[in-house]
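A single structure is presented below for examination.
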Amino acid sequence: MEENINNTESKAVDSTNTETTKNEVATETKAETKVFTQEEMDKIIAKRLAKEKQKAEAEKAEAEKLAKMTAEEKAKFEFEKMKADFEADRKEFARQKMTLEVTKQLTEKELPSSLAEYLVTDDAETTKANIENVSTILNSWLEVVLTKKVAGKAPTSAGKVETTITKEQFKNMGFIEQQDFAVKYPDLYKKYL
């Protein structure tokens, strides 16, 4: 068996050396790339082989452990493993279901459904509280923004427009400037035409 492993290792080293030579040629063509020496490659390969051996030994140890177990212990072990997988799947399903419900509630409240992933928790009550808090915050923010936008400039004394633009200055304005003036001061615009 050791002879087989050593044979496999030497084949892996040979194929890696071939790949290394190809990689060295490819890296030499690129600017500022590192070229590995044979010694460095041997160290890298040795590390990788050691890691793979360790992984194989761990798998072998688990297989031996299962082999030593009685039929009842094996069944219990498999049952516990399946139970843990089932619990993980159940939790994932519950979270997906909760996300869909949150998305539905956000849509009903005319809020962005993309917020759902940030509001979902494992607890339905906490999730509902999160939705209400975000709804309140966003609605308050939106109200403030809209109030600022709608407010605009307050009219001056009794609807009289105070401007320092003369008729001569108006005639010297470009077309776009005159249109802006017409929007801001419609009465003066008609007067100056």
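The values are calculated or read from the model by the stated rules, or taken from the named source; none is laboratory data. Because the structure is a prediction, the values reported are computed rather than measured. Ideal geometry is used to build each Cβ from the backbone, glycine not excepted, and the neighbour counts take in all protein chains shown. SASA here: full protein model, heavy atoms, side chains in, ligands and nucleic acids out. Shrake-Rupley method; radii C 1.70, N 1.55, O 1.52, S 1.80 Å.
Could you please tell me which pairs satisfy a Cβ distance under 9 Å, a separation of 6+ or placement on different chains, a first residue in segment 56-74 that is assigned to a helix (DSSP H, G or I), and a second residue that is of a type in the set (D, E, K, R)?
Filtered contacts from segment 56-74: 66/73; 66/74.
Provide a single number: the residues in segment 102-117 that are without any contact (Cβ under 8 Å) to a residue 12 or more places away in the chain and either over 23 Å from residue 142 (Cβ atoms) or assigned to a helix (DSSP H, G or I) (or both). Step through it out loud before you land on a result.
Let us first name the residues in segment 102-117 that are without any contact (Cβ under 8 Å) to a residue 12 or more places away in the chain, namely 104, 107-108, 110, 112-114.
From the residues that got through so far, the ones that are either over 23 Å from residue 142 (Cβ atoms) or assigned to a helix (DSSP H, G or I) (or both) too are 104, 107-108, 113-114.
Here the count works out to 5.
Touching an Asp or Glu at 6+ places or on another chain (Cβ under 6 Å) and modelled with pLDDT of 85 or more: is that true of residue 35 in this structure? Let's see the steps before the verdict.
Numbers: touching an Asp or Glu at 6+ places or on another chain (Cβ under 6 Å): yes; modelled with pLDDT of 85 or more: yes.
Answer is yes for this residue.
Considering each residue of segment 126-143, count those that are of a type in the set (Val, Ile, Thr) and surrounded by 11 or more Cβ atoms within 10 Å (Cβ to Cβ), and give that number. Break it down stepwise before answering.
So in segment 126-143, the residues of a type in the set (Val, Ile, Thr) come out as 126-127, 131, 134, 136-137.
Right, trim to surrounded by 11 or more Cβ atoms within 10 Å (Cβ to Cβ) and you get 126-127, 131, 134.
Adding up the residues that qualify gives 4.
Please state which one of 61, 88, 67, 84 is modelled with pLDDT of 85 or more, more than 30 Å from residue 122 (Cα to Cα), of a type in the set (Gly, Ala, Ser) and open to solvent by less than 80 Å² (accessible area, probe 1.4 Å).
Values: 88 fails: more than 30 Å from residue 122 (Cα to Cα); 67 fails: modelled with pLDDT of 85 or more; 84 fails: more than 30 Å from residue 122 (Cα to Cα).
Criteria check complete, one pass: 61.
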